[in-house]
Each structure stands twice: as structure tokens, then as C-alpha cells.
Amino acid sequence: MKVRYPIADDALASSLERAYPIRIREIRFIPYGDSAYSYKLVCADGAAYYLKLYDHGNDAQRSGIGRLPRYLPLTRRLHDEGLLPNAACPVPNHRGELSSACEGYTVVLYGFIEGETLADAYPFPDGLLEEVADAMAGIHRLASVAAAEGVAAESFELDFEDRLASSLSALERRDFAESPVRLALQALVAPESPRLRGLMRLVRELRRDAVADEREYVLCHGDLWGGNLIRGERGLYVLDWENALLAPPEFDWFGYIGDRFGRFIAAYERRRGCPAAIDARLLRFYAYRHHLRNLTNWLLNILERNGDDAQSAHDLDLIAHHCLNRLDAIEPHAARVEREFGRTGRS
């Protein structure tokens, strides 16, 4: 989030100190991400923590709270048992719980990881690309652990479809003259409505194929992009597991289907120790679903949720430069994968 949650730092500190065995010296808001509010806490003993705060009054963040039991116990186990020691994991509160419900919000506390985020490292150098592929393959080998921890299995849901349709209809019909940001949103997105509706129909067709197909399910992180990776003293640290799922590996691969996908998959196969069976139709499904779901979230932020123009301007920028501008590349990238690897394996 680009703007702070509306609570004074001393009130937030008091709430956290009641929940956790910490004494806070400083709270620093981090204007980053869009699934929760982020803070760095510096404590009296010099220890530093990363805090994610979920607003009970925001429907998207309430959904995020509902997902916490699906992945927090997993990341704690991966860390504690040394299965994936560089997985960011939550700090238990006084009651041993991995999240804490407060008045109007829920928080999760993590140890602060010092290092450099890879959000601005694109395009990744070849060595870094291979390192990410290696890390992904290591995660994918942990399916049995994830199943034991109750991680959900892929259902190929399109839970955003109705809200995307209603948001597009609002942009096509309503007058937003009172809001410059919403007027700019309308000018950007309304002309794209026919194409976006067509892509939603395509995603439904691709979903039918995906549901009918029998594929190996692995533990997928679900959002393994540079913003969720930190280069630290012990290599790459993996953050933000809220989309973790038992799913086909294409759920993680789709984010890397550019020109160097062959290099990426070769490094992945070396770590897995076996050839990768690649389904280009699943890559298309996941790529389109990802961008259309993100688009829906950012549309709803601007049209319904945001109370601050700065946050809405940020969401508008995300729509323009992290969604609409990426849709045209999906088909040529997927076609190249199919040519080079075949629909379900290497050609």
C-alpha cells in the first residue's frame, strides 16, 4: 500500500507489544505491495521485524486474512525443519499463534531480512535467472510437506469474473467527471473492454481443458517474482507465500516464459533431476488469469475501496504498466514454448 493504515504509531506499538514479546523503539511505514500494509519495526534490543497489517474494513485484505492458515504453518515448518531455511516465516505471538487479530486489523510479524529486493533487477542476468529457477525447483520438491500441512489444491477458480464484468460495465456507463483518477481509469480501460471480455471467455475455455487434464501437482509459491525475492547474506530469500498452492508447475513457470525460458527450464531440470513436461495451454491459462485477476483487484481499489487519491494513482499506474501492457506478449511467448518444447514435453 502507498498510504499508511489510519492508526497512530504509538497505538500500533501498544497493540503489538500486547500481542508479542517485543518492545518497539521505532515504526517505519514501507510504501510497498498491495495486499496489506507493510512496516519495519525496530525494537529496544536492536532486533528488527517486518510487519504485515490487514485491514478488516477492506474486502480484499479480509480475503488475505482468510488465507493465512493455508500457508503460515507451512512456512514456519519449512524454516524450522531446515527444509527451506530461506523461506520467510512468521514469529509466534504470546499464545504461540502465527497471526494476531487486533481491533480493526490483523497482523503477521516476520523477522526482518536484510538485503536487496529483486523487484528492480529486471531483466535478470543469466546467472540470477538460473538461481531463481533452482530455488523454484527446490520449492516444487516439497509437495508432500505441503499436503501434510493442509495446503489447498488447485481448483482453477475464476472467482474474480463477476466483479471484473461489473467493473467494466461501470467504466462503460458511468460519469466519473468528479474524480480525475477515475476519469483517467475510464479513458485507459473502457476502450479495452471488448478485448478484456474476449480474454475472459478464452480463460474459461482454457480452464475447461485444465480441469480435465491430469497433471503432477507440486508445491507452487504462486507469485515468485523479483519483489518477493531478496538477495541476502545466505542467498535468495523467498517472501510472501499467500498464493502457495498444490498445483501444476506451470502456476510458477508462467512468469518466466520470455525469450530465455529455455535457459530457465534447463536450470530447473538440473535441480529437479528430471525433464520438465510443459503444457503451453496451462501457461496461457495462468498468465491470462493472473493479469485479469490483478486488473480486477486494482479496478475495485479505484472504484470502491480507496479513500486516497495517491493510492488510486498508484493502482492506475499498475494497471497501465503491469497489466494492460503485458497482455499482448502472452500468445507469442506461449507459442514459442509450444514450438520449442511441445505441448506436454520436450520436442
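A short reminder: the numbers here are calculations on the coordinates, not readings from a lab. Note that the structure is predicted; figures quoted are calculated from it, not measured. Methodologically, a virtual Cβ is constructed for each residue, glycine included, from the backbone with ideal geometry; neighbour enumeration extends over all protein chains shown.
Residue by residue through region 71-112, note down the ones that are of a type in the set (A, V, I, L, M, F, W, C), touching a residue at least 40 places away in the same chain (Cβ under 8 Å), part of a loop (DSSP other than H, G, I, E, B) and more than 14 Å from V238 (Cβ to Cβ).
Those that are of a type in the set (A, V, I, L, M, F, W, C), touching a residue at least 40 places away in the same chain (Cβ under 8 Å), part of a loop (DSSP other than H, G, I, E, B) and more than 14 Å from V238 (Cβ to Cβ): V91, C102, F112.
Residues to consider are E81, E116; find the one that is of a type outside the set (V, I, T) and closer than 18 Å to Y32 by Cα.
E116
Which residues, taken from region 276-307, are closer than 30 Å to F264 by Cα and of a type in the set (S, T, N, Q)?
Answer for region 276-307, where residues must be closer than 30 Å to F264 by Cα and of a type in the set (S, T, N, Q): N294, T296, N297.
Determine which single condition E338 fails, assuming it passes every other condition in (1) more than 21 Å from the chain's Cα centre (by Cα); (2) outside any helix (DSSP H, G or I).
Only one criterion is unmet by E338, namely (2).
Output the residues belonging to region 113-155 that are out of contact with any helix residue (DSSP H, G or I) (no Cβ under 7 Å at 6 or more places or on another chain), within 16 Å of L239 (Cβ to Cβ) and part of a loop (DSSP other than H, G, I, E, B).
Listed by number, the residues that qualify are I113, E114, G115, D120.
Quickly run through region 37-60 and pick out the residues that are in contact with a Ser or Thr (Cβ under 9 Å, 6 or more places away or on another chain) and crowded, with 16+ Cβ neighbours inside 10 Å.
Result: Y50, L51, K52, L53, Y54, D55, A60.
Test of understanding: among A187, A177, which residue is part of a loop (DSSP other than H, G, I, E, B) and free of Cβ contacts under 8 Å to residues at least 12 places away in the same chain?
The conditions single out A177.
Pull up region 61-101, narrow it to residues that are over 24 Å from S14 (Cβ atoms) and hydroxyl-bearing (S, T, Y), then point me to the one that is surrounded by the most Cβ atoms within 10 Å (Cβ to Cβ).
The extreme case among them is Y71.
Conditions tested, residue by residue: (1) surrounded by fewer than 20 Cβ atoms within 10 Å (Cβ to Cβ); (2) more than 30 Å from P85 (Cα to Cα).
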{"site": "R174", "(1), (2)": "yes, yes"}
{"site": "V181", "(1), (2)": "yes, yes"}
{"site": "A210", "(1), (2)": "no, yes"}
{"site": "V218", "(1), (2)": "no, no"}
{"site": "N228", "(1), (2)": "no, no"}
